[in-house]
Structures are given as C-alpha cells and as structure tokens.
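Quick notes on the structure that follows.
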Amino acid sequence: MPILEGKELRIVGFLCNWCSYGGADTAGVGRFKQPTDLRVIKVPCSGRIDPLFIVKTLMAGADGVLVSGCHPRDCHYSEGNYYARRRLEMLKRFLPIMGIDPKRFDYTWVSASEGQRWQEVVTKFTEQIHELGAAPKIAGAEAEETLKLMEAAL
Amino acid sequence: MKIGVFVCHCGSNIEGTVDTAAVAAASREFPGVVFATDTMYACSEPGQDGIIEAIKEHKLDGVVVASCTPRMHEPTFRRTLERAGLNRYLFEMANIREHVSWIGKDREANTNKSADLVRMAAAKLLKNRPLFSKQFPVNKSVMVIGGGVAGIQAALDCANGGLKVVLVEKDTTIGGKMAKLDKTFPTVDCSSCVLGPLMVDVAQHPNIKLHAYSEIEEVNGYVGNFEVSIKKKASYVDWDSCTGCGLCVEKCPSRKATDFFNEKLATTKAINIPFPQAIPKKAKIDANFCMKLQKDKCGVCAKVCPSESIDFSQKDEIITESVGAIVAATGFDLFDWTVYGEYGGGKYPDVITSLQYERMLSASGPSEGHIKRPSDGKEPKNVVFIQCVGSRDKSVDRPYCSGFCCMYTAKQTILTKDHIPDSQSHVFYMDIRSPGKLYDEFTRRAMEEYGANYIRGRVSMIYPQGDKLVVRGADTLMGAQVEVDADLVVLAVGAEAAAGATDLAKKLRISYDNYGFYMEGHPKLKPVETNTAGVYLAGACQGPKDIPASVAQGGAAASKVLGLFSQDMLASDPQVSVVEIKRCIGCGKCIETCPFGAIKEIDFRGMKKADVIETICQGCGICTSTCPQGAVQLQHFTDNQILAEVNAICRF
C-alpha cells in the first residue's frame with residue numbers, strides 16, 4: 001500500500017532478533033506510543049546486515065533507514081554487533097559520496113528490556129526524517145550506476 | 001507458491017485499532033496470495049484448525065499469519081503447518097500487535113501499516129524454501145552456576161534424575177544467602193536445619209562434582225555441547241588433602257581478616273573456614289591478611305597442619321568441563337545502603353543491615369545469638385526497622401519491590417521479642433507486601449501477638465542523640481511527624497543483581513534487564529528458560545525471590561534440563577548458513593569472522609573452499625554479510641529474502 005500522503009514517510013528499520021526486535025516488542029507491550037512510519041525487517045543479528053541493504057533500501061525509495069542491534073559487548077552471537085558497527089560507520093561516511101544525505105541513515109543499540117528507549121529512538125529518528133522531508137527520487141539508470149559504484153566500494 | 005493470509009483480531013488487541021477485514025482484503029491483491037481472511041484468535045484451537053482447513057481447501061503451500069510477535073507464537077504456527085503437512089519454514093509472521101496496534105491509535109495508519117507488514121511477509125515467503133533439521137548427540141551432563149539454595153535444588157534434582165552435575169560456586173562454601181539466615185519466614189524454623197542436609201547431599205551425591213571457590217572464565221559451544229572453562233581460585237590450601245580439622249584456623253595469629261560470612265560484623269583469621277557447616281569444609285587463606293604471603297613471615301599454619309595441605313605457592317588454575325546444559329543460579333546482592341545519607345550513610349555503627357542483624361540473631365553468629373549494639377555491646381530495648389531501603393525508590397535507581405523485605409522484617413521483630421522479651425520493635429513501612437501462603441497471617445502475628453509497632457511512612461532522617469539514635473519520620477496514617485528513640489536501627493535492605501552478573505550474562509550470551517537481572521525467555525510461558533538454547537535460570541538471578549520461589553524455580557530449571565536430555569539426539573535448527581561451492585573463491589573471510597568456528601576450509605577438487613559445520617552454526621549470518629561473493633547464504637535470511645522485504649515496502 002502506498003504511504004499515507006502527508007502523514008507518513010517511508011522508513012525501514014533493520015532490527016536484530018535478540019535485542020532490538022525484543023525491545024520493540026517490549027515497547028509494544030508497554031503501549032509506548034510511536035509514530036507509524038517505520039516498518040521493521042527482522043534479521044538474526046545486526047552483523048547480518050550488509051551495508052548494501054541500506055543503500056539498496058534508500059535507492060528503492062525509502063526516506064530513511066534505521067538499524068538497531070544489541071549494545072556492544074552484549075551480542076547474542078558474541079561479536080556480531082562489532083562487525084555491524086564497523087560496517088555501518090563506514091557506510092555512514094560513504095553515503096555523502098553517493099549523493100545520499102547521511103541524516104537519512106542512523107544506527108543505534110537497544111536491548112530487549114529497553115522498550116522506552118526504543119520509543120525514544122523511533123520517535124526521534126522519525127522526526128529527523130520528517131524534517132528532511134521525502135527523499136529525492138533517483139531514477140533508473142542513475143540509480144543503477146550509483147549502486148554499481150557502491151558495490152565496488154564496499 | 002500459493003499463499004494464505006490470516007489476519008488475527010487478537011480479541012480487541014488488534015481489531016481495536018486495525019481494520020483486520022480491510023487488511024485481509026488488501027492482502028488478496030499481493031503477489032502469490034490466493035486466500036486471505038481475518039480470524040478472531042489465530043492461535044486458539046478453532047483458529048489453528050481454520051488455518052489447516054484453508055491449507056487443504058485452497059491447496060496452500062505457504063502461510064502468513066498477521067498477529068502478535070513471532071517471539072511469542074512462531075513455534076505454535078509452525079507446528080500448525082506441520083499438522084497440515086507443510087514444511088514449518090513455509091511460514092511467515094507479520095507482527096501487527098506489538099509493532100502496530102499497541103503503539104498507536106490511528107486506525108487508518110495502523111491498517112495501512114499492517115497491510116504493508118503482510119506484504120513484506122508474503123514477499124519474503126515467496127522466497128522461502130523447506131528446511132530440514134539434522135540430529136546431533138547430546139552430552140547429558142549439566143553445569144549449575146551458583147551454590148545458593150536455588151542452585152543446590154537444581155543440582156540435586158538433576159543429579160537425582162540421573163544426570164552428571166558440575167556445580168560451580170564462587171565462594172569457598174555453598175549455601176549462599178540462605179546459609180547466613182538464622183530463621184526463615186513464615187514458619188520461624190531454623191534456616192540451617194533446612195539447608196544443612198541439602199548441602200550435605202550435594203557433597204555426598206555421586207553424580208555431583210563441586211568446584212567451590214571457582215568462577216566461570218569462558219563459555220563456548222551450544223546446546224547439548226557446551227565447553228566451559230572454570231577458574232579455580234588459589235586458596236593456598238590443597239583441598240584434596242585438607243580435612244577441615246580447623247587446627248590451622250585455631251593457631252593462625254592474624255585476627256584481622258574481614259569476616260564476610262558474618263557480614264563484616266566481626267573479624268576472622270587469615271586462614272579460615274567460613275562457618276562450621278561449610279561444604280566443602282576446607283580452609284582458605286585470605287592473602288590480604290596472611291603474614292606469610294604479605295611479608296614472608298609466620299607460616300604457622302603450614303607447621304601445624306597435620307595433613308601438610310598448606311601450599312603458599314598455589315596459583316589460580318583453569319580447568320575445562322564439557323556439559324550439555326547450563327543452569328545459572330547466581331543469586332543476588334544486597335543493596336548498599338550507605339548511599340542513604342539521611343540514614344547515616346554508614347557513619348553510625350548502630351545502624352545496621354537486616355543481614356547483619358540476622359547474623360547477630362544466629363546462635364552461630366559472632367555474638368552467639370545475643371543482640372548487641374555494635375557501638376557499646378549493650379542490649380538494645382528499642383529497635384527500629386526501616387523498610388524499603390533500596391527498594392521501591394526511584395531516587396536510588398531501584399524502583400522495583402524486592403519482595404521479601406516485608407516478610408523478613410516481620411520475622412526479625414518476632415525474633416527480637418523472643419530474644420529480648422522487654423524490647424519494643426518499631427517498623428517504618430510504605431506498604432506491607434505479603435502475598436505468599438501464610439505470609440499475611442505472619443505479618444499480622446508480628447503486629448498483634450508480638451506487639452511490633454508498625455508506622456506507615458518514610459523516615460526522613462536518623463541522627464545521634466547521646467548514646468541513642470533518633471529516627472524521625474512521617475506517620476502518614478496519623479498525618480503527623482513522629483520521632484522514635486532507637487537503641488538500634490535495622491535497615492531492610494533490598495536486593496539487586498549480583499556483582500558480575502552482567503559479565504557472566506555476556507559469557508553465557510543471555511540477556512539481562514536494566515538492573516542486571518537475567519531475562520527469562522518469556523515472562524509467562526518460559527519463566528526458567530532463556531533465549532539461548534540450553535541455558536536456564538533459577539532463583540534470584542532473574543529477579544528478587546524468597547526461598548520457596550527459589551527452590552521451586554531450581555526444581556523447574558532441573559525439570560527443563562531433564563526434559564531436554566530425555567532425548568538422545570537433539571534436532572539442530574536448520575536456519576544455518578550454506579556455501580554455494582561454485583561461487584566460493586576460498587578467500588577464508590567467513591572462516592575468520594565466524595564467532596563460533598563453524599566454518600572450516602575444505603579441499604574441493606584441489607581448490608580451497610569454505611564449508612559450514614551445520615551443528616555448530618548458530619545462524620547469525622555474519623559470514624553472509626562478510627562474503628564478497630555472496631557465496632555463503634544464511635538460510636531463511638538470505639540476501640534475496642531480505643531484499644524482497646525491502647522491495648515490498650519501498651516499491652511505491
């Protein structure tokens with residue numbers, strides 16, 4: 001379904017199964033009110049997230065991408081979030097080179113018990129994306145080329 | 001693939017803010033979807049039967065259920081699919097309760113978002129493949145970490161069930177907090193008479209191996225096959241030959257070592273056995289106070305020891321144990337009350353903690369059961385108890401109720417009257433919480449039979465006046481300020497997570513809450529499980545618990561372990577990585593990054609390739625995002641599956 005015109009923007013969240021997905025659940029159980037823009041994609045670990053997913057998501061028309069995993073030192077798979085942190089920090093620096101506003105992407109750490117923190121993170125990030133407004137659409141050939149560049153770089 | 005979509009009302013939980021019929025209607029337009037309906041409770045028997053019927057009637061080969069979080073009912077619906085003859089992995093869940101209906105009231109936005117989530121799930125499902133588990137053998141032995149009453153119970157129940165048990169305790173003796181108690185509520189029976197025999201059973205049980213004065217160093221492996229390295233701390237005594245005769249303790253000239261067992265109320269010898277009923281009954285040297293170890297003088301213990309067990313050169317030692325399951329029973333610590341400046345902050349010797357008071361009441365304590373003021377050794381007549389010290393207090397970051405303080409305070413007022421018949425107890429309380437069996441009756445007895453004076457209100461300050469302490473507080477029922485002259489003040493300190501609990505959690509790869517208490521798999525349905533397969537919880541490491549609850553949980557954890565081990569082979573989770581051999585260039589990056597050592601190098605027709613060891617792979621997918629060729633793919637979370645979800649949301 002298309003997004004609700006004037007109400008929502010397209011925000012995609014990649015959440016690790018053990019901490020942040022659980023944290024989002026905890027926020028739900030606690031009935032912590034949040035903006036409706038963000039759609040969650042569950043991954044087993046933040047270390048599973050290929051930076052290209054984020055680029056591809058932004059290329060496909062998302063206005064913002066949020067990644068959330070377990071706090072560093074607190075990974076269900078020992079060290080997945082360290083890999084994630086390195087890759088995502090790299091990506092953050094690459095985005096402007098690719099012509100993407102780095103403010104459209106952020107990563108954070110939320111544990112399964114931090115429902116309130118998830119509420120704050122989502123609310124803040126959604127507000128940030130709304131301030132930026134809808135992302136400029138990158139058309140066919142140009143998008144292809146950017147993606148290729150990105151793939152070569154990462 | 002023919003997909004069926006079932007949108008759950010969850011009563012009014014979802015239907016209240018999501019138009020489920022509209023979501024179902026929208027779903028019918030999604031690629032692959034041939035059937036969609038809304039249903040009252042998808043997880044109920046009629047709900048599940050409805051799914052099975054629809055699978056048969058519409059010849060579905062994939063199912064999306066839009067309902068609660070997959071962390072709740074994914075296994076339930078996977079079983080439903082299996083009952084209908086489908087592979088359990090041809091199933092996806094859209095979380096429209098926790099992530100939609102419960103976090104916003106805008107029905108239009110919620111309905112729209114729910115449909116989006118269903119579209120994502122369906123798009124991913126189109127790329128799902130049937131997956132099949134493999135079988136692997138289990139090591140039917142269990143490690144229990146922590147030798148308090150919960151750990152003891154778990155260890156004994158497992159051992160009696162025929163399992164080999166390794167019990168690891170960080171102190172030199174098992175017994176935990178319960179061993180320090182004089183009496184227990186609500187029966188006022190003696191704590192060591194209940195616990196003592198259990199401790200002996202642990203020592204004598206042929207199936208239990210006890211590592212006291214040891215800590216967990218590292219945990220490797222997975223359910224059924226854990227490898228745990230344990231640090232055996234140096235006690236400077238050879239415990240194999242030490243008989244616990246106590247001659248060394250008797251002759252040791254150093255008398256200033258901190259007596260931790262007696263809550264620092266007294267001092268002890270540099271070489272000591274914490275209490276007479278200790279298990280194992282072995283001596284340990286406190287290096288900080290030993291003159292031999294500090295200044296290379298003395299050595300009396302070595303001279304008198306009849307079994308020549310003293311070994312000043314002993315070092316910490318690392319040993320490894322292989323087990324199939326782990327029970328964490330690391331208990332709790334008491335809140336450090338000295339942050340309360342208004343209660344003296346540790347300055348007044350006659351303001352003590354409840355556990356110190358407990359040691360004072362105990363016949364085996366430093367004062368042999370006589371209540372004496374620490375300042376002058378006089379018998380107190382007016383004893384003031386203050387509840388909720390480090391519980392239900394946001395200002396010290398302990399907003400939770402510790403649960404047992406109301407009860408032990410009532411017990412201590414009763415014991416005070418027993419010890420000093422002409423004494424008077426005063427209890428400042430916020431609310432009395434006594435929900436256990438015979439608990440409320442017990443607190444009433446303290447008030448009515450033993451005449452404890454209960455005052456509802458917080459204490460604002462304690463200050464010394466002469467040789468007394470003045471306790472000033474509010475009586476909120478009278479609506480007045482009150483001042484009580486106290487000879488002794490006992491603070492009912494609350495519970496907090498044990499020191500080092502979070503470090504252990506990281507080693508065990510289990511989660512903990514904001515306060516460091518371990519998180520159970522599900523607050524209702526999995527109270528002793530964790531989210532890490534094969535790791536279970538018992539006792540106060542999960543949250544403050546009294547003795548009956550700890551024992552019950554210890555038994556419950558044991559029953560889960562016995563249940564797990566009732567199978568000779570365990571089924572592996574097939575959501576593991578696989579290598580597409582043609583794409584693999586043998587660079588070995590996946591081997592380097594895998595945290596579990598689950599990928600090995602193989603020789604394939606003379607070429608280097610990677611290969612995943614299925615039973616070791618934990619399904620994190622770090623290798624998948626590392627592989628420059630996309631040759632390693634985590635099944636059920638492949639690049640194509642994740643990007644299918646992305647495209648399903650972003651195509652507009």
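Some observations on this one:
- Per the Debye formula on identical point scatterers at the alpha carbon atoms of region B:497-643, with no solvent, log10 I(q)/I(0) at q = 0.16 Å⁻¹ is -0.92.
- Taking each of B:Lys209/B:Lys524; B:Lys180/B:Lys545; B:Lys140/B:Lys608; B:Lys264/B:Lys394 in turn, the alpha-carbon distance tops 26 angstrom for B:Lys209/B:Lys524; B:Lys140/B:Lys608; B:Lys264/B:Lys394.
- Compared with the alpha-carbon gap, the fully stretched path from B:Asp311 to B:Asn139 is longer by 58.4 nm at 0.36 nm per residue.
- Region A:32-88, relative contact order [Cα under 8 Å, separation at least 6], %: 41 percent
- Placed amide H near A:Val40: partners under 5 Å, 5+ positions off or other chain: A:Gly13
- Relative contact order (percent, whole number), chain B, Cα cutoff 8 Å, 6+ residue spacing: 13 percent
- Considering only chain B, percent of DSSP beta bridges that pair antiparallel, nearest 5: 50 percent
- Remark: the B:Gln629-B:Val396 segment gains 78.6 nm on full extension, using 0.36 nm per residue and subtracting the alpha carbon distance.
- Inter-label distance, nm, simple model (7 Å from Cα along the C-beta direction), B:Asp296/B:Arg472: 5.8 nm
- Simple point charges give the picture: +1 on the Cβ of Lys and Arg, -1 on the Cβ of Asp and Glu, and for chain B a dipole about the Cα centre of about 1040 debye.
- B:Thr338/B:Thr76 FRET efficiency (R0 51 Å; Cβ-Cβ; nearest 0.05): 0.55
- A 1.4 Å probe run over chain B, with the rest of the protein chains in place, finds 41 Å² accessible per residue.
- Modelled label reach - A:Arg86, point 7 Å along Cα→Cβ, region A:36-69 residues with backbone N closer than 16 Å: A:46-52
- Point-to-point label distance, A:Ile97-B:Glu580, nm (Cα→Cβ direction, 7 Å offset): 2.7 nm
- Computed FRET value (nearest 0.05) for A:Glu127 with B:Cys587, which takes r as the C-beta separation and R₀ as 56 Å: 0.85
- To the nearest ten degrees, helix B:547-564 and the longest principal axis of the Cα atoms of chain B are 40 degrees apart.
- Cα long-axis angle, helix B:439-448 against chain B (0 to 90 degrees, to the nearest 10): 30 degrees
- Each residue was assigned an accessible area with a 1.4 Å probe, and for B:Lys589 the value is about 100 Å².
- Model label sites at B:Arg83 and B:Asp485, defined 7 Å from Cα along the beta-carbon direction, differ in position by 7.4 nm.
- What a 1.4 Å probe finds exposed on region B:168-283 is 50% carbon and sulfur by accessible area, rounded to a whole percent.
- Computed from point charges on the beta carbon alone (+1 for Lys and Arg, -1 for Asp and Glu), the dipole magnitude for region B:514-652 about its Cα centre is near 220 Debye.
- For the pair A and B, total buried accessible area rounded to nearest 100 Å², probe 1.4 Å: 4700 Å²
- Ranked by solvent-accessible area (1.4 Å probe, protein heavy atoms only, all chains present), the residues B:Glu368, B:Glu98 order from largest to smallest as B:Glu368, B:Glu98.
- Shown is the FRET efficiency for B:Ala571 and A:Ala134, computed with R0 = 56 Å from the Cβ-Cβ distance and rounded to the nearest 0.05: 0.75.
- Amide H within-cut-off set for B:Arg398, under 5 Å, with H built and near neighbours excluded: B:Asp393
- Whole-angstrom gap from region B:31-66 to region B:261-308, using each part's C-alpha centre: 69 Å
- Contact order normalised by residue count of region B:522-652, Cα under 8 Å, 6+ apart, percent: 20 percent
- Under 5 Å, built H, 5+ apart or other chain: amide partners of B:Lys164: B:Val142
- Eligible lysines near B:Lys124 by straight Cα distance, threshold 20 Å, same-chain separation 8 or greater: A:Lys42, A:Lys56, B:Lys2, B:Lys59, B:Lys113
The values are calculated or read from the model by the stated rules, or taken from the named source; none is laboratory data. Computed from a prediction, not measured in an experiment: that's the story for all the values here. Cβ coordinates were reconstructed from backbone atoms using ideal geometry, including for glycine residues, and neighbour counts include every protein chain displayed. Ligands, DNA and RNA are stripped out before the accessible areas are found, and what is left, the full protein with its side chains, is counted by its heavy atoms. Shrake-Rupley method; radii C 1.70, N 1.55, O 1.52, S 1.80 Å.
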